[in-house]
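The values are calculated or read from the model by the stated rules, or taken from the named source; none is laboratory data. These numbers come from a predicted model, not from an experiment. Here the Cβ positions follow ideal geometry from the backbone for every residue, glycine too, while neighbour counts run over all protein chains shown.
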Amino acid sequence: MARSISYREAINEALDQEMARDPRVVVFGEDNVGGTGSPGEMDAWGGVLGVTKGLYGKYPGRVMDTPISESAFIGAAIGAATGGLRPVAELMFIDFLGVCFDQIFNQAAKFRYMFGGKAVTPVVIRTMWGAGLRAAAQHSQSLLPVFTHIPGLKVAAPSNPYDAKGLLIAAIRDDDPVIFAEHKMLYEMTGEVPEESYVIPFGEANIVREGSDVTIVAIGRMVNTATEAAAELAAAGIEAEIIDPRTTSPLDLDTILESVENTGRLVVVDESNPRCSLASDIGASVAHEAFGSLRAPIQMVTGPHTPVPFADSLEDLFIPDAQKIIGAVKTAVDWSK
Amino acid sequence: MTGTLPTTVSQELGPDALLQVYRTMRTIREFEERVHEEFASGDIPGFVHLYAGEEASATGVCSHLDDRDAIASTHRGHGHCIAKGVDPKEMMAEIYGRATGSCKGKGGSMHIADLSKGMLGANGIVGGGPPLICGRALASKQLGTGGVAVAFFGDGASNQGTTLESLNLATVWNLPAIFVAENNGYAEATSSTWSVATDDIADRAAAFGMPGVIVDGFDFFAVHEAAGEAVARAREGAGPTLIEVKFTRYFGHFEGDQQLYRGDEVAQAREKLDCLKRFRARVTESGELTADQLDAVDREVATLIDSSVDEAKAAPRPAASELLTDVYVTY
């Protein structure tokens with residue numbers, strides 16, 4: 001039975017259902033409870049944006065606050081995962097990866113390979129990404145490419161409440177380290193979400209909209225932006241196919257290739273900075289694999305090669321919008337050989 | 001004879017236990033001395049960092065641990081591996097990069113691990129271990145296994161943020177963890193008397209709300225006693241301890257290090273302080289063991305090390321297909 005809930009509630013529900021099902025699942029991070037040691041209420045925050053609220057009361061001893069020491073507690077989540085727990089730790093903002101990245105990319109990601117296949121590290125690191133909240137340069141980045149680059153990590157980036165719940169449940173059940181990236185501008189987005197538990201497998205893209213004139217690959221919040229663009233394009237007689245990869249590692253390149261073989265045109269929309277981005281990664285792969293099908297150069301719509309600015313007018317220029325996507329599609333469509 | 005050494009000894013060290021720990025220390029010593037020779041002949045790929053001289057630390061601590069317990073090590077990890085029960089033959093094969101190695105040849109000296117024995121791996125990142133140990137301690141606590149987790153780290157790592165954060169977290173979360181700072185006087189080529197701001201690393205314990213103790217790292221019995229107290233504290237839920245072990249390493253930071261930064265402390269230590277010599281003197285003087293018993297162990301260990309090297313050299317390299325395996329459980 002489905003009902004309409006928010007992206008935030010869908011994530012909370014995934015955590016709740018998995019914690020109920022598996023006593024090894026523990027949740028911790030900065031203010032994941034909020035209030036530890038303080039004179040006022042416990043669960044005062046339930047996460048900085050309220051995503052983990054209510055879990056503390058339901059699962060005593062399994063939801064914890066941490067001091068602000070990411071290396072220690074993200075590392076602890078990783079170590080605990082090798083020791084029989086299934087931790088879901090929160091790296092509050094993806095921008096903070098710098099203070100704990102070694103534990104993620106040199107330890108968790110490499111244990112299985114370095115130890116000859118004998119390690120299993122079922123850790124999930126939840127983290128917020130993306131611009132739009134006027135949170136400025138150090139709280140607004142889209143650093144998914146950094147994690148996607150690392151062998152041994154998996155990366156999921158849901159674009160809607162239904163995918164958020166299914167991908168998080170999949171992540172928690174996955175025996176490999178997973179970075180679960182929640183777009184901070186999507187927490188209020190509502191959508192139909194089944195009450196029961198379900199899993200969305202990693203490495204399976206979602207075809208959000210079908211069309212035969214152009215393939216638009218979009219990630220996270222950009223899926224909604226692409227959908228907006230597609231409506232306006234349809235009015236101009238251009239039917240866009242929108243593909244949401246859902247996970248950037250593993251990446252479902254086959255679905256993208258199949259679409260490009262049909263449309264002949266690719267536009268990739270990625271909020272991150274352009275160098276070594278998901279856009280350039282997907283673009284290069286498609287150029288290599290489907291060169292013969294392309295009727296126009298691949299278009300990449302990304303942020304600029306700058307930090308995210310604070311002023312709302314500037315931040316709005318940073319973030320790819322529907323008009324930029326429409327412009328890119330028209331460039332591809334109007335291209336003549 | 002299998003290469004794996006049983007590790008747990010009772011607090012009361014009877015003759016069997018004494019012989020067992022002597023075997024452990026002798027195995028580490030001969031293993032490292034042999035790797036030193038073999039490396040010089042050019043057969044061993046990559047980097048090795050030898051633990052010779054420090055045997056009492058790994059042995060004294062690990063003698064209180066069993067398979068419930070986890071340890072994390074450093075780039076200088078061979079001693080911790082042997083003390084925790086990792087098979088020396090598999091270790092030697094791993095150092096040579098062979099398919100029969102502990103990690104199928106895919107890890108090497110700095111990443112030898114055996115998770116079935118709670119050995120989380122030697123670690124190529126200074127300070128990489130302490131956060132992982134907080135995690136293993138958390139898992140033991142949550143799952144009620146009664147296990148403890150021990151982070152071995154050096155004087156270099158004692159300054160790394162990850163270590164300091166882990167000390168704090170272990171106290172705040174009241175974890176069954178033990179932090180063993182192996183202060184051998186040098187972080188690579190730089191002296192710890194210069195790089196550590198206080199006289200002793202153990203001074204940091206109070207700053208993070210846990211007891212700190214300093215022990216003579218050349219004295220197995222001193223390490224054994226301090227470690228026993230720390231492990232008991234942890235097992236009974238009284239929280240973490242920081243033990244600072246002071247000694248010196250007999251070889252360079254890595255094999256090939258000309259060690260121009262050192263004085264004559266190694267010659268002095270080998271002559272007057274050596275943990276194996278002191279152990280032998282003490283147990284033979286007290287009559288707990290005889291010289292013959294110890295000599296027999298020495299011969300058995302020599303045979304073990306010889307066959308480890310012979311077998312490692314004869315073992316195949318990993319198949320080409322191994323390049324692409326073991327990245328994920330599923331992908």
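The set of residues from segment B:103-124 being facing another protein chain (nearest Cβ under 7 Å) and either touching a residue at least 12 places away in the same chain (Cβ under 8 Å) or buried (at least 24 other Cβ atoms within 10 Å of the Cβ) (or both) comprises B:CYS103, B:LYS104, B:LYS106, B:GLY107, B:HIS111, B:ALA113, B:LEU120, B:GLY121.
Candidates are the residues of segment B:278-297 that are surrounded by 11 or more Cβ atoms within 10 Å (Cβ to Cβ) and among the hydroxyl-bearing types (Ser, Thr, Tyr); the one that is farthest from B:GLU55 (Cα to Cα) is B:THR290. Scanning segment B:165-196 for residues that are under 15 Å from B:VAL126 (Cβ atoms) and out of contact with any strand residue (DSSP E or B) (no Cβ under 9 Å at 6 or more places or on another chain) yields B:GLU165, B:GLU188, B:ALA189, B:THR190. The number of residues in segment B:157-186 being within 30 Å of B:TYR261 (Cβ to Cβ), more than 10 Å from chain A (Cβ to nearest Cβ) and touching a residue at least 60 places away in the same chain (Cβ under 8 Å) comes to 9.
Of all the numbered requirements in (1) under 30 Å from A:PHE318 (Cα atoms); (2) more than 7 Å from chain B (Cβ to nearest Cβ); (3) not aromatic (Phe, Trp, Tyr), A:ASP102 misses one, and that requirement is (2).
I'd like to check which strands (runs of 3 or more DSSP E) are fully inside segment A:240-304 and have at least 1 residues that are buried (at least 23 other Cβ atoms within 10 Å of the Cβ) and touching a Pro at 6+ places or on another chain (Cβ under 6 Å). Break it down into steps so the answer makes sense when it comes.
Numbers: elements: A:240-244, A:247-249, A:266-270, A:299-302.
Result: A:266-270, A:299-302.
Of the strands (runs of 3 or more DSSP E) lying entirely inside segment A:1-109, none contains at least 3 residues that are at positive phi, surrounded by fewer than 22 Cβ atoms within 10 Å (Cβ to Cβ) and modelled with pLDDT of 95 or more. Of all the listed residues (A:GLY50, A:GLY84, A:GLY79), the sole one being in the same structural domain as A:LEU186 (by TED's automatic domain parsing) and without any contact (Cβ under 8 Å) to a residue 40 or more places away in the chain is A:GLY79.
Candidates A:VAL63, A:VAL51: the one that is more than 21 Å from A:HIS139 (Cα to Cα), in contact with a helix residue (DSSP H, G or I) (Cβ under 9 Å, 6 or more places away or on another chain) and of a type in the set (Val, Ile, Thr) is A:VAL63.
Condition check ((1) in contact (Cβ under 8 Å) with a residue 60 or more places away in the chain; (2) touching a strand residue (DSSP E or B) at 6+ places or on another chain (Cβ under 6 Å); (3) closer than 18 Å to A:LYS330 by Cα) across all residues:
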residue	(1), (2), (3)
A:GLY211	no, yes, yes
A:THR215	no, yes, yes
A:GLY220	yes, yes, no
A:ILE242	no, yes, yes
A:THR247	yes, yes, no
A:VAL260	no, yes, yes
A:THR263	no, yes, yes
A:SER277	yes, yes, no
A:ALA284	no, no, no
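When every residue of segment B:137-151 is checked against the conditions, at least one turns out to be at pLDDT 95 or above, under 22 Å from B:VAL48 (Cβ atoms) and buried (at least 24 other Cβ atoms within 10 Å of the Cβ).
Yes/no matrix, rows are residues, columns are (1) β-branched (Val, Ile, Thr); (2) farther than 20 Å from B:LYS141 by Cβ; (3) within 14 Å of chain B (Cβ to nearest Cβ):
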| site | (1), (2), (3) |
| --- | --- |
| A:GLY35 | no, yes, no |
| A:VAL48 | yes, yes, no |
| A:ARG62 | no, no, yes |
| A:ILE74 | yes, no, yes |
| A:ALA80 | no, no, yes |
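Find the residue count for segment A:147-190, including only residues that are crowded, with 19+ Cβ neighbours inside 10 Å and either assigned to a strand (DSSP E or B) or not aliphatic (A, V, I, L, M) (or both). Adding up the residues that qualify gives 25.
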